[in-house]
1. In the range 232-287, which residues are touching a Gly at 6+ places or on another chain (Cβ under 9 Å) and part of a loop (DSSP other than H, G, I, E, B)?
2. With (1) out of contact with any helix residue (DSSP H, G or I) (no Cβ under 7 Å at 6 or more places or on another chain); (2) polar (S, T, N, Q); (3) part of a helix (DSSP H, G or I); (4) within 25 Å of residue 62 (Cβ to Cβ) as the list, and residue 103 as the residue in question, which single condition is left unmet?
3. Going by the conditions given, is residue 50 aliphatic (A, V, I, L, M) and in contact with a Phe, Trp or Tyr (Cβ under 8 Å, 6 or more places away or on another chain)?
4. Looking at (1) over 16 Å from residue 205 (Cβ atoms); (2) over 17 Å from the mean Cα position of the chain (by Cα), can you tell me which one residue 150 breaks?
5. Being over 19 Å from residue 66 (Cβ atoms), of a type in the set (Ser, Thr, Tyr) and within 16 Å of ligand 4 (Cβ to nearest atom) narrows it down to one of 194, 212, so name that one.
6. How about the range 120-167: which of its residues are touching a strand residue (DSSP E or B) at 6+ places or on another chain (Cβ under 8 Å), in a loop (DSSP other than H, G, I, E, B) and farther than 28 Å from residue 193 by Cα?
7. Could you tell me which numbered condition residue 71 fails, if it satisfies all but one of (1) part of a helix (DSSP H, G or I); (2) within 17 Å of the chain's Cα centre (by Cα); (3) away from ligand 4 (no atom under 15 Å from the Cβ)?
Amino acid sequence: QADIAMYWAKEKGRDNAQFFTSDMTNIATQKFGFEKEIKESLALEQFFLVYQPKVLKEKHRIIGLEALIRWQHPTKGMISPAEFIPIAEESNLIIHIDEWVLNQTFIQLQAWQDEGRTLVPIAVNISGRHLVSDGLVTYIAKKMDFYGIEGRWLELEITEGVFLHDIERCIEVMAQLKALGIKISIDDFGTGYSSLSYLKRLPLDTLKIDQSFVGECAEHTEDTKICETIIHLAQSLKLRIVAEGVETAPQADMLMSLGCYIFQGYHFYKPMLAKDTALLLTKDHVVSEEVHDHE
Ligand code: C2E
Ligand code: MG
Ligand code: MG
Ligand code: MG
C-alpha cells in the first residue's frame, strides 16, 4: 500500500519534478553496476507495469491500453523510464527489459481474460534495437501460445529512429508480427526522421502524434499546423491516428476538429495500476474494434 501511495504521489508530481537525475547519472557513469542492478531488479520484482487507456472521443470509452514500466527502487524511490530506458537502450539490457514487459503483459491479459473482462489491445513499447534483433517474433509467438492469448490483443509501439538503420529488416519483422495478428504503431511521430517512402512500405496500423506537438495545439500555433499535417498524412496512408499527452479539453477539441479522435493523456486517464485498470474493462467502458473501424 505504501508503494501504491508513493506511485500516485510521484505520478502526480511528475510535471514539476526531475526524478533522481543525479542518481541516474551516477549509475550511468558506472554502467557496469547499472546493468547488474537492472538485471537484479528484474528478478527482484522492483519493476511493475502501469496502464494508460487510449480513449475514443469521450472520456470512459476505451479502445486500448499502453503498458508503461515503473521502477520502484528500494532506496532511490521511483525512477522514471525516461531516465533508465535510454541508458538500457545502449546495450542489450533493453532486450531483457522489453521481454520482461512483454511477458508481464501476457500474464495480465491472461488474468483479465480468465476473469471474464472485456479485453482491449495492450500496447508495449519496443526498442528499435530489439525489433530488428532475431529473437522478438519467436519470443512473442511462444508467449502467445503459452498464455493462450490471440495476437490481436497485442500492439507494439516503435519509435521512428530504427527505420533509418535497416528498413528492409523492419519490413520483414513487421510482416511476421502482422501475420500473428499483432498491431504496430509508430510512437512519438514527428520527432524522428521517417521518410514518406518508408512510411508507405511499412505494414503499420497507427501513428501516434508526439506530445510535444499536442501541448500548444489549441492555441493556433505552428504546432497546430504540424498536428494537422500529421493527421492528413495518416488519413492519406489509411492509418489510425492517436494523440498522446492530451492534458486539456481545448486540446482534445482542436484535435477532433482536425480529424483525430483517439486520445491518450492526463485529461482522460493517467497511467494506472493494474487493479484500477481492471475496473474499466467492462462492456460499458470499452469500445469494440468494429465500432471504431467505422469512424
Ligand atoms: P511514450 O511511449 O511516448 O509514453 C508516453 C509518456 O508520456 C509516458 O511517460 C506517459 O506516462 C506520459 N504521459 C501520458 N499522458 C501524458 C500527459 O497528458 N502529459 C504528460 N506530460 N505526459 C503524459 P513514461 O511512462 O514516463 O514513459 C516515458 C517513455 O519511456 C515512453 O514514452 C517510452 O518511450 C519509454 N517507456 C516506458 N515504458 C517502457 C517500456 O516498458 N519499454 C520500453 N522499451 N520503453 C518504455
Ligand atoms: Mg509509447
Ligand atoms: Mg510517445
Ligand atoms: Mg516518448
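1. 245, 246, 247, 248, 265, 266
2. (1)
3. Values: aliphatic (A, V, I, L, M): yes; in contact with a Phe, Trp or Tyr (Cβ under 8 Å, 6 or more places away or on another chain): yes.
So residue 50 fits the description; yes.
4. (1)
5. Details: 212 fails: over 19 Å from residue 66 (Cβ atoms).
Just a single option satisfies the conditions, and that option is 194.
6. 120, the sole residue that qualifies.
7. Every condition holds for residue 71 apart from (1).
Yes/no matrix, rows are residues, columns are (1) more than 17 Å from residue 188 (Cα to Cα); (2) over 17 Å from the mean Cα position of the chain (by Cα); (3) polar (S, T, N, Q):
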site	(1), (2), (3)
208	no, no, no
211	no, no, yes
227	no, yes, no
244	no, no, no
252	yes, yes, no
268	yes, no, no
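Bear in mind that the values in this text are calculations on the coordinates, not laboratory data. Since the model is a prediction, treat every value here as computed from it, not as a measurement. Backbone-built Cβ (ideal geometry, glycine too); neighbour counts: all protein chains shown.
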